[in-house]
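Take a look at the structure set out below.
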Amino acid sequence: MSTAPGGPVSAAQVRELLADPKIFPYLADDDTEFVFDSLGLVWFLHLLELRRGVLAEADEPCFAGPTSARRIAAYLTEVAVR
């Protein structure tokens, strides 16, 4: 995974990407848990790269099982610092 020079992605920015009608348009907040289906995950990763310049792989641990916008943002920040 790599991040763009723009810096880490916040939970609010992740939730904004997830709010796309093809993914999860009705997440209540950054801590709402959800599970990606395969097409939703691919679309989210596409939007993450397109809008934030962040490349992530579908097999990253934070995308398996229940997750939230906050957990995804924390993971992306953690990986960006490595």
**Item:** Residue list for segment 56-82, filter: open to solvent by less than 20 Å² (accessible area, probe 1.4 Å), of a type in the set (Val, Ile, Thr) and assigned to a helix (DSSP H, G or I)
**Value:** Ile72
**Message:** Residue under question is Ser10, and the condition is that it be surrounded by fewer than 14 Cβ atoms within 10 Å (Cβ to Cβ) and among the hydroxyl-bearing types (Ser, Thr, Tyr); does it hold?
**Reply:** no
**Message:** Among the residues that make up segment 37-53, is at least one of them more than 17 Å from Ala12 (Cα to Cα) and touching a helix residue (DSSP H, G or I) at 6+ places or on another chain (Cβ under 8 Å)?
**Reply:** yes
**Prompt:** Which residues, counting only those in segment 30-55, are touching a residue at least 24 places away in the same chain (Cβ under 8 Å) and open to solvent by 20 Å² or more (accessible area, probe 1.4 Å)?
**Reply:** Asp30, Asp31, Thr32, Glu33, Val35, Phe36, Arg51, Arg52, Gly53, Leu55
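The values are calculated or read from the model by the stated rules, or taken from the named source; none is laboratory data. Since this is a predicted model, take the numbers as computed values, not measurements. Heads up, the Cβs are rebuilt from the backbone with ideal geometry, glycines too, and the neighbour counts pull from every protein chain shown. The area values use the complete protein model at the heavy-atom level, side chains included, leaving out ligands, DNA and RNA. Shrake-Rupley method; radii C 1.70, N 1.55, O 1.52, S 1.80 Å.
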